[in-house]
Amino acid sequence: VFGLVSSALAHLMPRRYVYLVRGGKLDISVSPGILGILKEKLEKWLCYKAFKISHEDYLRHKNRAYFEPLVAGVEYDFLLENRYFSNDESPMSKLYLKIDENVTYKRIVGHVVVKSGVLTYQNPFDILIEPRRHVVVYHLPNIPLKDISIRDGKIYTTIDEIEITGAAIDGSDNKITFTSNSGLPLYDEFLNDDWVRKWDTVWNLSYLNNHFVNFRFGFINKLAGPLALTYSRKRAKESIHQKIRRYWCRISIDIIANEKLCKIIWWLTMRSRISYLEKHITKTSR
């Protein structure tokens, strides 16, 4: 994307300008450094808000809670961080407890246990239940960050299994014990190739890329109809009408709505799409 924007900018702003002054020539050069600054400003003006919206949509997916029962009136979920796709200076996993307002527990104590190969990590917690606080967030500094590596043809993960164990304690020191195993967490962020580092920030562009696909195929549909991809394939015993339609579908897909051309149009007109993109980001439930 940035290469396409840069190419467009290079055509609009050549490196040397020549002006005629009183019959003579005044040769003015624009240094590559200035062009780089202008290119950076143009990219940020065109793309920054869109990047921010796309990453916000990713975070809303990521932070969506899928609470599981722990004890009566209490549910839990984990937010497991990784070191590569976080913009936090010190990313750290978290435990979320969703607490019903009618519970009589005063404290919830226990351990979060992570198994990674032959290693076991433990993070103790002692959480005070406060009235009218329906969700408690507890940081887990002892838990390793998610990571995947491949060694000797095998895939290794830093978290193979995660478990929470402990007890809920009421005002009379009665204890209700619990143990819940969440198994192997998802590592779907490592399978996503829509990551970009720009302006000292990591961005997830899945939301924008999905909308671009819709934009391009919507354009193709307007040019050649909703079955353009189907009709673009050669068939046996085609009639003249079918051949003409096939040629037009191929022209629409490969030339008029070419992916690179559509990307240039998409990004150069991005500022006009911001309002639409903001309205369609995912609602969060955490």
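We did not get these values from a lab; they are worked out from the coordinates using the rules stated. Computed from a prediction, not measured in an experiment: that's the story for all the values here. Note that each Cβ is placed from the backbone with ideal geometry, even for glycine, and that neighbours are counted across all protein chains shown.
Things to note:
- Per-residue ellipticity at 222 nm, computed for the chain from helices alone with -39500 (n - 2.57) per DSSP H run of at least four residues, works out to -10500 deg cm²/dmol.
- Convex hull projection area averaged over all views, segment 151-197, Cα basis, nm²: 6.4
- If a spin label sat at a point 7 angstrom from the Cα of Ser90 along the line to its beta carbon, the backbone N atoms of segment 145-159 nearer than 16 Å would be those of 145.
- Order of Ser180, Ser232 under a 10 Å beta carbon neighbour criterion, fewest first: Ser180, Ser232
- Length available on full extension from Lys52 to Leu128: 0.36 nm per residue minus the Cα-Cα distance, which gives 23.8 nm.
- Gain upon complete extension [Lys115, Ile265; 0.36 nm per residue less C-alpha separation]: 49.1 nm
- Here segment 40-68 is scanned for amide nitrogen atoms under 16 Å from the site 7 Å beyond the Cα of Leu191 along Cα-to-Cβ, giving 62.
- In this structure, Ser172 and Ala72 have a Cβ-Cβ separation that, at R0 = 25 Å, corresponds to a calculated FRET efficiency of about 0.95.
- If the Kirkwood radius is taken over C-alpha pairs of segment 116-170, then at 20 °C and 1.002 mPa s the Stokes-Einstein diffusion coefficient equals 151 µm²/s.
- Cα radius of gyration and Dmax for segment 32-89 (Å): 19.2, 66
- Separation of the Ile274 and Asp254 label points, Cα + 7 Å toward Cβ, nm: 3.9
- Binning the C-alpha pair distances of the chain at 10 Å intervals from 0 yields a P(r) profile of 5, 19, 20, 18, 17, 11, 6, 3, 1, 0 %, listed from the shortest bin outward.
- Label-point gap, in nm, between Ala65 and His139 - each point 7 angstrom along Cα→Cβ: 1.9
- Linear extension gain, Asp152 paired with Asn209, 0.36 nm per residue minus alpha-carbon span: 17.1 nm
- Spatially proximal lysines relative to Lys263 (Cα-Cα < 25 Å; intrachain offsets below 8 disregarded): Lys39, Lys41, Lys44, Lys49, Lys52, Lys198, Lys222, Lys279
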